[in-house]
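Scroll down for the structure; my scribbles are underneath it.
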Amino acid sequence: MRKLLLELFENTGQLDPEAIVLRLAVATVIAFFIYLSYMLSHEGSIYSKKFNVSLMALTVITTAVMIVIGNNIALSLGMVGALSIVRFRTAIKDSRDTIYIFWTIVTGICCGAGDFLIAGIGAAFTFLILLIFGRIKNDNRLLLIIRTARANEEKVEALIFQYYARKANLRVKNTTENSVEFIYEISKRVFEKAKNAKKGVSGKKSITDAIYEIGNIEYCNIVMQNDEISS
């Protein structure tokens, strides 16, 4: 039994140089498709070229780690122990980034183990899904922030209901003895629809003009929220 355990822990699972180069080359090719997929599915300021290059490097590094581990149980246990003390604190700006990180790790594991068919087919399906659905974003939202005197509380609420009915969601209402602050969340589509409707009606004003006509308005801010802003 002792001899069997020693043989098991001493098994290094060494590969020929040709096999090592082949696995790293396949990992690099798939990593390029991951790079291309990330570039196509991310647009605007949220796209990070450095993060995209890191995804390619992570694929190859994971492949190299899998090649080193091979069938060596002792080395694999040591690798798990070493990685368990590492803490990654990089902020994820988009939920899709976690998909790409997981994709690179799985690709590296498959290529390092020599399962090229699984790596290739999995990469093809993932690439297709992200290409079709990766650009889907939530409807942009607007925050309408109004601060006024307490005496205007009911007037502001009535005005917002007049313009947006129940489609303006009251998220925050801060009050003091002399003032009140409203924060309404409105979808961009509803905001633009109400704006265009008011333009076509004689005598109708924009929401900001109507709010300031109430009087004693300290400020009225409109803030855009979208998927490119992380909390």
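Output the number of residues of segment 33-84 satisfying the condition of being modelled with pLDDT of 65 or more and not in a helix (DSSP H, G or I). Break it down into steps so the answer makes sense when it comes.
Filtering segment 33-84 for residues modelled with pLDDT of 65 or more gives 33-43, 46-70.
Filter once more, so that each one left must be not in a helix (DSSP H, G or I): 42-43, 47-48, 70.
Final tally of qualifying residues: 5.
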Item to check | Members of segment 185-206 found to be surrounded by 12 or more Cβ atoms within 10 Å (Cβ to Cβ) and either modelled with pLDDT of 90 or more or polar (S, T, N, Q) (or both), listed by number | outcome: SER187, SER206
Item to check | Failed item, numbered, when THR90 is tested on (1) modelled with pLDDT under 80; (2) assigned to a helix (DSSP H, G or I) | outcome: (2)
Next on the checklist: Looking at the structure I just gave you, is LEU24 hydrophobic (A, V, I, L, M, F, W, C), modelled with pLDDT under 85 and part of a helix (DSSP H, G or I)?
Outcome noted: no
Next on the checklist: Any residue at all in segment 4-14 that's surrounded by fewer than 16 Cβ atoms within 10 Å (Cβ to Cβ), at pLDDT 60 or above and either in the same structural domain as THR98 (by TED's automatic domain parsing) or not in a helix (DSSP H, G or I) (or both)?
Outcome noted: yes
Checklist entry - Conditions: (1) within 25 Å of the chain's Cα centre (by Cα); (2) under 30 Å from ILE34 (Cβ atoms); (3) at pLDDT 85 or above. ILE136 meets all but one. Number of the miss? => result (3)
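The values are calculated or read from the model by the stated rules, or taken from the named source; none is laboratory data. These numbers come from a predicted model, not from an experiment. Methodologically, a virtual Cβ is constructed for each residue, glycine included, from the backbone with ideal geometry; neighbour enumeration extends over all protein chains shown.
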